[in-house]
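For reference, the structure discussed in these notes is given below.
The values are calculated or read from the model by the stated rules, or taken from the named source; none is laboratory data. Because the structure is a prediction, the values reported are computed rather than measured. Every residue, glycine among them, receives a Cβ derived from its backbone with ideal geometry; neighbour counts consider all protein chains shown. The area values use the complete protein model at the heavy-atom level, side chains included, leaving out ligands, DNA and RNA. Shrake-Rupley method; radii C 1.70, N 1.55, O 1.52, S 1.80 Å.
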Amino acid sequence: MRRLAVIHTGGTIASRPSPDGRGVTPQTPPSVPGLPGVQVTHHQPFNLPSPHVTPAHMLHLAHLIERLAPDADGIVVTHGTDTLEETAFLLHLTLSAATPVVLTGSMRHAEEVSWDGPGNLLDAAYTALHPQTAGRGPLAVFSGDIFDARTVTKVHTTAVDAFGGYPGPIGRIDRAGPLEQMHAHLRYFATPEPRPTYAPEVLTARVEILYAAAGWTGEGYAEAEARADGLVIAALGTGNLPAELLPLIAATTKPVIIATRTHAGPVIPVYGYAGGGATLVAAGAIPASFLNAHKARLLLMVLLSLGMSRAEIRGVFEGGVF
């Protein structure tokens, strides 16, 4: 008999209207609708809306998964959608266990007629137990699409198919037949890739994100740089900033990661004008590759918490060691 561990953390998939009338809140974790021949165990380290989930919660979840992995053939994590992509990426960075891990959730709560939780949970379970899932690192499954933790992102605030991320899903799962005889059709469009993992015991580093806009002259930069161990800037285009930011970045000894506020695409130091990507890199900034700002923040937190120098951090980001 195959063994599936389901870890519940809260979110809309566990939510119902609150009895006090204050809106929808996490209450009761869902059950897997039907998996004949599978032994399912349930675990609930916390029960939170995802805006309340912190990197410390994510690391605690990683440690729990490592403990459960030897006794499971697959692991599913139910999670709120607002920060699911961040939890998925931190697990991608820190999990060394070979057991497949799949995250899912729902966009609608359990008392809506179109609740998407059971279908997503069943898809995630089949994906976690599928033999071709091994070696791919943590995945996210929504509306039948299977996403890599490095690129998945929430692209819509309310739609059931709220998850995407360039270059798109790496696989697809569809189900057919009655529940007791259901067959899952799963296809991957990419082969597994080797990935390094990191093992911080705690996340001690503070990293802040700043967001660039037209006419920004660095408001808030000095304050953030003073209190943080490192910064991430969601910059313009391929990683460009107004000229006023160039001397500020050149003056710090702390790592400054340049991501992009653009929906998709890499950060490439192309432009040589003041504040252009090439000048920022020359001043010491580190391109985030294809990571968005909030995932770049998590990677920087992990590396700083491990005591890495700015040069070592540059090597990880520029070498794509994630």
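Using DSSP loop states and a limit of at most 16 other Cβ atoms within 10 Å to flag trypsin sites (Lys or Arg not before Pro), what is the longest stretch of the chain containing no flagged site?
23-205
Ignoring any ligand, DNA or RNA, what whole percent of the accessible area of the chain comes from carbon and sulfur when the probe is 1.4 angstrom?
55 percent
Accessible area per residue of the chain at 1.4 Å probe, in Å²?
For the chain, the per-residue accessible area is 42 Å².
Tell me whether segment 208-315 comes out rounded, prolate or oblate; compute the Cα gyration tensor, take square roots of the eigenvalues as a ≥ b ≥ c, and use a/c under 1.5 as the rounded threshold.
Rounded.
Using protein chains only and a probe of 1.4 angstrom, how many square angstrom of Val6 are accessible, to the nearest 10?
Surface open to solvent at Val6 totals about 0 Å².
Any chance you could look up the accessible area of Asp229 with a 1.4 Å probe, heavy atoms only, rounded to 10 Å²?
70 Å²
With a/c under 1.5 counting as rounded, go ahead and sort segment 74-196 into rounded, prolate or oblate using the C-alpha gyration tensor (a ≥ b ≥ c being the square roots of the eigenvalues; past the cut-off, prolate if a/b is larger than b/c, else oblate).
oblate
Once fully extended, how much extra length lies between Arg261 and Arg172, figured as 0.36 nm per residue of separation less the alpha-carbon to alpha-carbon distance?
Gain in length upon complete extension: 29.2 nm.
For the pair Ala56 and Arg22, how long in nm is the line joining their label points, each one 7 Å along Cα→Cβ?
Distance between the two pseudo-spin positions: 2.2 nm.
Mind running the shape call on the chain? Use the C-alpha gyration tensor, a ≥ b ≥ c as the square roots of the eigenvalues: rounded below 1.5 for a/c, prolate if a/b tops b/c, oblate otherwise. Don't skip to the end; give the middle numbers.
Values: a/c = 2.02, a/b = 1.83, b/c = 1.11.
Taking the square roots of the gyration eigenvalues as a ≥ b ≥ c, the chain is prolate.
Using 0.36 nm times the number of residues separating Ala190 and Gln44, minus their current alpha carbon distance, what extension gain do you get?
Contour length minus the Cα-Cα distance gives 49.4 nm.
Among His109, His183, His263, what's the order by accessible area (1.4 angstrom probe), most exposed first?
On the way: His109 30, His183 105, His263 135 Å².
Final ranking, largest accessible area leading: His263, His183, His109.
Multiply the residue gap between Gln132 and Glu201 by 0.36 nm, knock off their C-alpha separation, and tell me the result in nm, one decimal place.
Here the segment from Gln132 to Glu201 would lengthen by 21.8 nm.
Based on the Cβ-Cβ distance of Ala282 and Ala214, what FRET efficiency does E = 1/(1 + (r/R0)^6) give at R0 = 30 Å, to the nearest 0.05?
0.80
Could you check the simple spin-label distance between His294 and Arg227, using points 7 Å along Cα→Cβ, in nm with one decimal?
So the label points at His294 and Arg227 sit 2.0 nm apart.
Just tell me, in residue order, which DSSP H segments of the chain are both 30 angstrom or longer along the helix axis (alpha-carbon based) and at least 0.0 in mean Kyte-Doolittle hydropathy.
Helices meeting the span and hydropathy rule in the chain: none at all.
Run the numbers on the chain and let me know its relative contact order in percent, using alpha-carbon pairs under 8 Å that are six or more apart.
Relative contact order here is 13 percent.
Would you mind calculating the relative contact order of segment 1-110 from Cα pairs under 8 angstrom and at least 6 residues apart, reporting the percent as a whole number? Before the final figure, lay out the partial values.
Details: 214 pairs, mean separation 41.7, N = 110.
About 38 percent, as a whole number.
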